[in-house]
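First the structure, in the form of structure tokens, and then the observations on it.
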Amino acid sequence: MKQIPNLFTLINLLFGCLAIVCIMQTGLTLSVDANGDNLVMIPERIYMASLFIGLAALIDFLDGFTARLLKVPSDMGKQLDSLADVVSFGVAPGLIVYQFLRLSYAQQDSGLDTNTLWLLPAFILPCAG
């Protein structure tokens, strides 16, 4: 009984990891239209990452609810929950922001040559987490 809330927390962590995998496998399509403008296609995998983050939020609610319902809080559960929260609600959203910043710079003229320092604001979310 004591490990049931931890199982929910591990599912939360799994959804966060799946979101990161979806974000990193973007399959970006870069092309040039008839006017010479850069076209960047956003694949659906980033949208799937958002879905996984939403599912992680639902499971995050359920793990705390289950721990209180079963009256089995534990120090390990608190630490595991903190880890899952940082991955699901810090690192994964930060990587989404990173990808969107990359896409926005790629659409500009010579945007593919943008310095990596311009992408660093995306890491505010993981650092704050």
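Listed values, structure above:
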{"read-out": "Relative contact order (percent, whole number), the chain, Cα cutoff 8 Å, 6+ residue spacing", "value": "34"}
{"read-out": "Label of the coordinate-derived value, Cα extents along the principal axes in Å, listed as (1) 51, 38, 21; (2) 49, 48, 27; (3) 64, 26, 15", "value": "(3)"}
{"read-out": "Geometric extent, Cα atoms of segment 1-71 - Rg, Dmax (angstrom)", "value": "18.5, 64"}
{"read-out": "Sparse-neighbourhood loop sites, trypsin sites (Lys or Arg not before Pro) in segment 65-116 - DSSP loop, at most 11 other Cβ within 10 angstrom", "value": "71"}
{"read-out": "Packing rank of 118-129, 45-56, where each peptide gets the mean count of other beta carbons within 10 Å, highest leading", "value": "45-56, 118-129"}
{"read-out": "Student exercise, segment 1-115 dipole from Lys, Arg, Asp, Glu Cβ charges, in Debye to nearest 20", "value": "600"}
{"read-out": "Extension gain, residue 108 back to residue 29 (0.36 nm per residue minus Cα-Cα distance, nm)", "value": "27.0 nm"}
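Any read-out appearing in this document is the output of simple, stated calculations on the displayed coordinates, not a laboratory observation. A quick note: this is a predicted structure, and the numbers were derived from the prediction, not measured. No Cβ is skipped: glycine too gets one built from the backbone with ideal geometry, and neighbour counts run over all protein chains shown.
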